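Reading through the structure tokens given below for one structure.
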């Protein structure tokens with residue numbers, strides 16, 4: 001019933017979105033950088049989607065403009081860590097009025113729990129998207145129990 005009123009794209013929320021954007025521009029990392037009504041705090045890079053299926057977890061890391069050799073993926077005690085760096089050469093004769101593209105080193109961590117098998121992981125980077133497939137342990141998969 002209330003779903004249509006709380007959609008992030010509702011017309012009545014538009015003035016609040018604009019206000020938050022203006023505050024971000026004026027205050028930088030100030031009041032509105034704590035995440036607020038956004039899913040990620042300002043400056044979080046790269047964006048990550050985690051999808052769960054009965055057989056595996058799929059992690060999509062949106063990292064355009066990064067050389068795959070600059071990415072590092074590791075798993076330790078149920079924590080997936082993605083780190084790397086992106087460097088953008090500054091233009092010496094240019095004056096930046098606004099620069100929103102992230103540069104420098106980054107680290108993102110995703111808690112996987114105990115259901116993932118750390119020995120069955122596949123990572124592929126294509127068109128700026130790092131896809132990490134993590135198979136579930138057999139014991140963690142749902143199974144049908146026959147009733148006698």
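The values are calculated or read from the model by the stated rules, or taken from the named source; none is laboratory data. Computed from a predicted structure; not experimentally measured. Using ideal geometry, Cβ is built from the backbone for each residue, glycine included, and neighbour counts are taken over all protein chains shown.
A few remarks follow.
- Scan of the stretch 104-122 for residues that are surrounded by 12 or more Cβ atoms within 10 Å (Cβ to Cβ) and outside any strand (DSSP E or B), ordered by number: 112, 115
- Hits in the stretch 123-143 - residues which are part of a strand (DSSP E or B) and free of Cβ contacts under 8 Å to residues at least 12 places away in the same chain: 124, 126
- Qualifying residue in the stretch 83-94 (condition: touching a strand residue (DSSP E or B) at 6+ places or on another chain (Cβ under 8 Å), assigned to a strand (DSSP E or B) and either at pLDDT 90 or above or farther than 25 Å from residue 58 by Cβ (or both)): yes
- A count restricted to the stretch 123-140 and to residues that are surrounded by 12 or more Cβ atoms within 10 Å (Cβ to Cβ) and closer than 13 Å to residue 55 by Cβ stands at 6.
- Scanning the stretch 69-103 for residues that are surrounded by 13 or more Cβ atoms within 10 Å (Cβ to Cβ), under 20 Å from residue 46 (Cβ atoms) and out of contact with any helix residue (DSSP H, G or I) (no Cβ under 7 Å at 6 or more places or on another chain) yields 70, 71, 73, 75, 80, 81, 82, 83, 86, 102, 103.
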